[in-house]
1. Please verify whether Ala122 is out of contact with any Lys or Arg (no Cβ under 8 Å at 6 or more places or on another chain), over 22 Å from Ala47 (Cβ atoms) and either in a strand (DSSP E or B) or free of Cβ contacts under 8 Å to residues at least 60 places away in the same chain (or both), treating the condition exactly as stated.
2. Is it true that some residue in the range 108-117 is touching a residue at least 12 places away in the same chain (Cβ under 8 Å) and within 22 Å of Asp10 (Cα to Cα)?
3. Could you give every pair whose Cβ atoms fall below 6 Å, whose first residue belongs to the range 4-21 and is among the small types (Gly, Ala, Ser), and whose second residue is surrounded by fewer than 17 Cβ atoms within 10 Å (Cβ to Cβ) and part of a helix (DSSP H, G or I), counting only separations of at least 6 or pairs across chains?
4. Return a yes/no flag: does the range 93-108 have any residue that is surrounded by 18 or more Cβ atoms within 10 Å (Cβ to Cβ) and under 12 Å from the mean Cα position of the chain (by Cα).
5. Which residues, taken from the range 84-135, are more than 17 Å from Gly156 (Cβ to Cβ) and basic (Lys, Arg)?
6. Within 13 Å of Leu6 (Cα to Cα), touching a residue at least 40 places away in the same chain (Cβ under 8 Å) and of a type in the set (D, E, K, R) - does that describe any residue in the range 74-84?
7. Would you point out which residue out of Glu51, Glu68, Glu41 is among the acidic types (Asp, Glu) and either buried (at least 22 other Cβ atoms within 10 Å of the Cβ) or touching a residue at least 60 places away in the same chain (Cβ under 8 Å) (or both)?
8. Go through the range 20-51 and report how many residues are among the charged types (D, E, K, R) and either touching a strand residue (DSSP E or B) at 6+ places or on another chain (Cβ under 8 Å) or within 22 Å of Leu114 (Cα to Cα) (or both).
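Each reported figure results from applying straightforward, stated rules to the coordinates on display, with no laboratory input. These numbers come from a predicted model, not from an experiment. Note that each Cβ is placed from the backbone with ideal geometry, even for glycine, and that neighbours are counted across all protein chains shown.
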Amino acid sequence: MAAFALGWSDADGKPYRGDSGKGVRPAVSMLAAEAVGAGAESALPAAVAVELVHAFSLAHDDIIDHDERRRHREALWKAYGVGPALLAGDALLALAVRQVAERPEAMTWVSAALVELVQGQAADMAFENRPWHGPRQVTLAEYVEMAAGKTGGLLGAAAAAGGLSRLDGDRSKARRSLVPTRLIARGSGELRP
């Protein structure tokens, strides 16, 4: 199921040659490492971790939103059922944690991104009970903040954790060295109101 969630196989386990995603988050990790003078390979644990977190979040998001399709094929839950898809998502998250478990500063960034992601998802769910027009409507600012939480936090973790490979774990230096990631998310088209 993890291979299916990552776009590597079809539901029967056969290799899949279709859309497996853009790979933005791992690319950001590796580019951040290069930006601070380290080799891209030094960011591989962070790159793998953020891609696994992303896959976990998509698996759970599709269940929450009842989305039956992801990347032009069945969503994970539609292919395997809700329970197995939840467990596969949880397994992807556990594998992500394993990737950065021995890198405390990277783990700090990934866990902070998870908090932002959950807050963004909670806001997204709350918007389902609010109108898009009239009194109590969801505002553009609220929507952008929700999307930034779901997307920007993980992009930030990708950049910071990748950049930490050369910055000796200095979080403040990593934050100052890298472009604010919510702006990256908006500019990349990852945030679409």
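1. For Ala122, the condition - out of contact with any Lys or Arg (no Cβ under 8 Å at 6 or more places or on another chain), over 22 Å from Ala47 (Cβ atoms) and either in a strand (DSSP E or B) or free of Cβ contacts under 8 Å to residues at least 60 places away in the same chain (or both) - is met.
2. So in the range 108-117, the residues touching a residue at least 12 places away in the same chain (Cβ under 8 Å) come out as 108-110, 112-117.
Checking the rest, the ones that are also within 22 Å of Asp10 (Cα to Cα) come to none.
No, there is no match, as no residue in the range 108-117 is touching a residue at least 12 places away in the same chain (Cβ under 8 Å) and within 22 Å of Asp10 (Cα to Cα).
3. Ser9/Ala3
4. yes
5. Hits for the range 84-135 are Arg98, Arg130.
6. Yes, some residue in the range 74-84 is within 13 Å of Leu6 (Cα to Cα), touching a residue at least 40 places away in the same chain (Cβ under 8 Å) and of a type in the set (D, E, K, R).
7. Within the list Glu51, Glu68, Glu41, the selection yields Glu51.
8. From the range 20-51, those among the charged types (D, E, K, R) are 22, 25, 34, 41, 51; that's our starting set.
If we keep only those that are either touching a strand residue (DSSP E or B) at 6+ places or on another chain (Cβ under 8 Å) or within 22 Å of Leu114 (Cα to Cα) (or both) too, we end up with 22, 25, 51.
Residues in the range 20-51 being among the charged types (D, E, K, R) and either touching a strand residue (DSSP E or B) at 6+ places or on another chain (Cβ under 8 Å) or within 22 Å of Leu114 (Cα to Cα) (or both): 3 in total.
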